[in-house]
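One structure below.
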Amino acid sequence: MRGPLFAILLSLGVAAAGSAGPAASEPLRVRPVIPPAAAGSPARTRPAPGAAMSPDESRAQAARLERWRSMPDIVTPPGMDWATIVSRRRTRMGARAARDPSPRVTGERTKGAGAPIAPPHVNRVALIRIDFATDRGGGKSSGNGKFNLTPGDTIDNPVDRPPHNRSFYQTHLKALSRYYEAQSYGREQVEGDVWPSEESEAYTAGDMADLGPWLFSRNIYPAAVRMVRQFIFAADSQSIVRNDPIPWENYDFVILVHAGSDLQDDIRQDSKEDIPTFTIGLGDTDRVFFKDGT
């Protein structure tokens, strides 16, 4: 692997329950929502620009935020210095230009600025889909260990509507790229590939119950390392068997997407074997190496 940093994105692989949404051909219309108290605040001289949450929605949102804030998003071994990872990447990929909040680039110079700017920094990402051979825990985790590949329907939740196939995650990668391009004023770009290359396939790990239950704690690093290595080696070996090996040397970051929900969204706390979402930085002794020396 070209560095010890793995970005772990654990996304929904099962259908979310919800009310009827717009037809598949209609655009998704998004309205901001605000807590009921804010909607009725005397400080507002005009009606709120969006819909007010119901009390139940407000409580659910507060519970969801509390769970996300109580779970560390960054998982590293004790004493790990993220600056060393950045330095290693800069050395390998070339020094980055300083962030330039000026308007968009025109020609070789930025409009309104006198100094030439360097080309954008490209981050190469491999997004890898992982499902599970079995799920003996049953109701202790969300879903059945497989991605939801059922055709989309108008009764599905309009957000992240199935099927959750390769095209679905390619769209997410495009959205991720647009986000970083906008936030960095065009200085950072994300380019990536979704693996495996088959539309409705995934690399398969063992039983989901072998990985949990998980805790909301900073001490999950050993369990997280075991899971990351299991997913990475499963993807590597199975891609070789498929005669479509993953070119690890082409990527700077890895995003692992597994079937099922994540622990942070378990508001009712009744699915302890759901896997938390986190970003992990692997220590030197935990780095992943492959047979070809990568």
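The values are calculated or read from the model by the stated rules, or taken from the named source; none is laboratory data. Bear in mind that the values here come from a model prediction, so they are computed numbers and not experimental data. Methodologically, a virtual Cβ is constructed for each residue, glycine included, from the backbone with ideal geometry; neighbour enumeration extends over all protein chains shown. Protein only, heavy atoms only, side chains kept; ligands, DNA and RNA dropped before computing areas. Shrake-Rupley method; radii C 1.70, N 1.55, O 1.52, S 1.80 Å.
Quick notes on this one:
- For the pair ASN219 and ILE74 in one chain, pulling the backbone fully straight at 0.36 nm per residue adds 51.1 nm over the alpha carbon distance.
- Gain in span if fully extended, GLU199 to GLU249, counting 0.36 nm per residue against the direct Cα distance: 15.7 nm
- The solvent-accessible area of ILE246, taken with every protein chain present and a 1.4 Å probe, is close to 10 Å².
- Pairwise centroid distance, computed over Cα atoms, of the range 219-278 with the range 164-180, Å: 17 Å
- When PHE253, PHE132 are compared by accessible area of protein heavy atoms, the largest-first order is PHE253, PHE132, using a 1.4 Å probe.
- A crude spin-label estimate for the pair ASP292 and THR171, with each label 7 Å from Cα along the Cβ direction, gives 3.2 nm.
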